[in-house]
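Below is one structure, written out as structure tokens, with a few remarks after it.
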Amino acid sequence: MQKYFAHETAIIDEGAKIGNNTKIWHFSHIMPRCTIGEDCNIGQNVVISPDVVLGRNVKIQNNVSVYTGVICEDDVFLGPSMVFTNVINPRSHVSRKDEYRQTIIRKGASVGANATIVCGNEIGEYALIGAGTVVTKAVKPFALVVGNPARQTGWVSRNGHKLKFDDNGIAICPETGEKYILQNNEVKKQN
């Protein structure tokens, strides 16, 4: 028995694995051999290609194509019309299906509307990619990046608030009170 919701206009190919309580909205296409975790929300006009892996509670907004080679861990947010690539030098007349590069979006990261993630890069845990940003290299955990090409402009908490570090390298999330430490240009949440 199906334990997920799919709008009547969605196409679900045989061989797709879809977790409980996931919602798939209008005109989306879920292709074979992809894996979608529990409690995900797949917006309107989304394509999930073969072999894509989505963790639990992944939210994909409208008009996003998630291509083969992409892995999104739990709690990832993909904004409206953001773009993935999977080949570094595409050509219509050259088949490069054996050259797909893996792109990993780590737990809790968010990618803003109309951003582009060039294949082969890793977006660190809880990183925040600003709207319209073009990511051409790896992004550190908790990093805030914007622009084309992406440049880091700060750090964010797990809840997405910009962190302000004191002289001792300590910052507190204004929403949760969680403590963060900045050492050697890396941020870690203190347990």
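Numerical summary
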item	result
Members of the stretch 135-191 found to be among the β-branched types (Val, Ile, Thr) and within 18 Å of the chain's Cα centre (by Cα), listed by number	135, 136, 139, 145, 146, 156
Search result, residues across the stretch 83-121 that are farther than 18 Å from residue 142 by Cα, in contact with a strand residue (DSSP E or B) (Cβ under 6 Å, 6 or more places away or on another chain) and touching a residue at least 40 places away in the same chain (Cβ under 8 Å)	119
Residues of the stretch 78-114 classified as part of a loop (DSSP other than H, G, I, E, B), surrounded by 15 or more Cβ atoms within 10 Å (Cβ to Cβ) and out of contact with any Gly (no Cβ under 6 Å at 6 or more places or on another chain), total	8
Of residues in the stretch 4-15 being out of contact with any Ser or Thr (no Cβ under 8 Å at 6 or more places or on another chain) and closer than 15 Å to residue 35 by Cβ, the one surrounded by the fewest Cβ atoms within 10 Å (Cβ to Cβ)	14
Test: residue in the stretch 133-145 that is of a type in the set (Gly, Ala, Ser), assigned to a loop (DSSP other than H, G, I, E, B) and buried (at least 20 other Cβ atoms within 10 Å of the Cβ)	no
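FYI, it's all coordinate maths here, none of it is from the lab. All of these numbers come straight from a predicted model, not from anything done at the bench. Because the Cβ atoms are built from the backbone with ideal geometry, glycine has one as well, and the counts that use them run over all protein chains shown.
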